[in-house]
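Below is one structure; the comments refer to it alone.
The values are calculated or read from the model by the stated rules, or taken from the named source; none is laboratory data. This is a predicted model, so every value here is computed, not measured. Positions of Cβ are backbone-derived with ideal geometry, glycine not excepted, and every protein chain shown enters the neighbour counts. All accessible areas refer to the heavy atoms of the entire protein, side chains included, with ligands and DNA or RNA removed. Shrake-Rupley method; radii C 1.70, N 1.55, O 1.52, S 1.80 Å.
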Amino acid sequence: MMGTLTKQFYRYSHKRNMRHNENLWPFVKIQRNSEGEITTFTYKKEPINIVRLSSLAQKYTGEVLLTATGPSVNTLDFSRLPEHINRAGVNGAWHLNGILRFNLYFVVDMTFIDHHTSVMEGLCKNSSIILFTTVMGIVKLIEQFGISNIVCQIAILEDICYQTYQPSVKKENIYKIFHNNIDIAFSTEKNHIAYAKDIRQGVFDAGTVVYWALQALGYLGFKKIYIAGLDMNNFNDPRFYEDNINKRPSFLQNKVKDTVIPALQLASTVLAEMSVSVINLSSQSAVPESIFPKQDFNNVFS
């Protein structure tokens, strides 16, 4: 990573609203197209192949299972899942890859990359995967494994409020800056919560990678999204792949009521307008049925 002197120079030479780029400059170079998506990416002067988001727009049809990491995942028999259903996962759901054989994957939490090297190594070695991650995520993977050892396909997702080499946007200014954009929808409850229909411009964060994934899966064209492991409760319990000894802390508990639930409500509304249905397969989920109807996994895939 960058030396201290280089970082200090960056801080002195750039405004505070550019601070989120200090670990990328000057090694990361990008180019964007008129839609705002990153089209070329180089790291330390070496070009990195990326999947253009434009090439993924409405590429998929039908159904997809999005697997999150709540403890309820351990109650599901994934061997029942029909072959034709696409498989997307987030973070530690990779522990199920032997059964599910994921083809789409989302990791946007840099601390997850730091603490789960074996998971990220498995992802990087799989050429059948499209991994959606951030610019910093790519940098971390290159530094951990080397460019030659990354054979998965990589698509870049950006937090629209912290885009690479763009000024950051404060939470309270989200509506003011983006409300005229026809591809962005806003919560009627909280106008700092938004949903991006065109992920080339970036996506909105709501404290959980599932929200990033929902924006992406809608853009990719799926018409039915099943979600496993969307428990959003019992945050002191280990995730399905952890135990009490190796579990990592969760920071979601304080965000569920004021951020996560309103964001998922917005996603439900927008996706319904796009003729996309979302089914919650977690019977114990704290997400109300009024947002995503709940169905029993075994009944759906009997």
By how many nm would the segment from residue 59 to residue 14 grow when fully extended, if each residue of separation counts as 0.36 nm and the alpha-carbon distance is taken off?
12.3 nm
With only alpha-carbon pairs counted, each pair once and no self-pairs, how large is the Kirkwood hydrodynamic radius of the chain in angstroms?
19.9
Efficiency of FRET between residue 165 and residue 275 - r from beta-carbon atoms, R0 45 angstrom, step 0.05
0.80
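Full extension from residue 235 to residue 182: what is 0.36 nm times the residue separation minus their Cα-Cα distance, to one decimal in nm? Could you put the intermediate results ahead of the total?
Values: separation 53, 0.36 × 53 = 19.08 nm, distance 3.62 nm.
Working it through step by step, the gained length comes to 15.5 nm.
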For region 243-276, list residues with backbone N below 13 Å from a point placed 7 Å from the Cα of residue 290 toward its Cβ?
262, 265-266
Can you compute log10 of I(q)/I(0) for region 169-230 with the Debye formula, treating each Cα as one identical point scatterer, at q = 0.19, 0.22, 0.24, 0.29 Å⁻¹?
-0.74, -0.95, -1.08, -1.35
Yeah, region 230-302 with a ≥ b ≥ c from its alpha-carbon gyration tensor (a/c under 1.5 is rounded, else prolate when a/b outruns b/c, oblate otherwise) is oblate
Looking at 263, 25, 106, which one has the Cα that reaches farthest to the positive end of the dipole of the chain (charges on Cβ: Lys, Arg +1; Asp, Glu -1)?
25
Calc'd 3J(HN,Hα), region 49-57, phi into Karplus 6.51 cos²θ - 1.76 cosθ + 1.60 (θ = phi - 60°), Hz, glycine/Pro = x, comes to 5, 10, 7, 5, 4, 4, 6, 9, 4
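Kindly report the accessible area of the chain per residue (heavy atoms of protein chains, probe 1.4 Å, no ligands, DNA or RNA), in Å².
Working: 14220 Å² over 302 residues.
Here the residues of the chain average 47 Å² of exposed surface.
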Given points 7 Å out from each Cα along the Cα-Cβ axis, report the residue 29 to residue 118 separation in nanometres with one decimal.
3.9
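Subtracting the Cα-Cα distance from 0.36 nm times the residue separation, let me have the gained length for residue 257 to residue 79 in nm, one decimal. Mind showing how you got there, number by number?
Numbers: separation 178, 0.36 × 178 = 64.08 nm, distance 3.37 nm.
Answer, rounded to one decimal: 60.7 nm.
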In sequence order, calculated HN-Hα J values of region 262-271 (Karplus, 6.51, -1.76, 1.60; Hz; x Gly/Pro):
x, 5, 5, 4, 5, 4, 4, 5, 5, 5
Report in % the part of the accessible area of region 196-282 that belongs to carbon and sulfur, leaving out ligands and nucleic acids; probe 1.4 Å.
45
Per-residue ellipticity at 222 nm attributable to helices in the chain (runs of n ≥ 4 DSSP H, -39500 (n - 2.57) apiece, nearest 500 deg cm²/dmol) works out to -6500 deg cm²/dmol
Between residue 151 and residue 44, what is the label-point separation in nm under the 7 Å Cα-to-beta-carbon projection?
2.3
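Considering Cα pairs under 8 angstrom that are at least six residues apart, work out the relative contact order of the chain and quote it in whole percent. Mind dumping the intermediate values first?
Values: 516 pairs, mean separation 59.3, N = 302.
The value is 20 percent.
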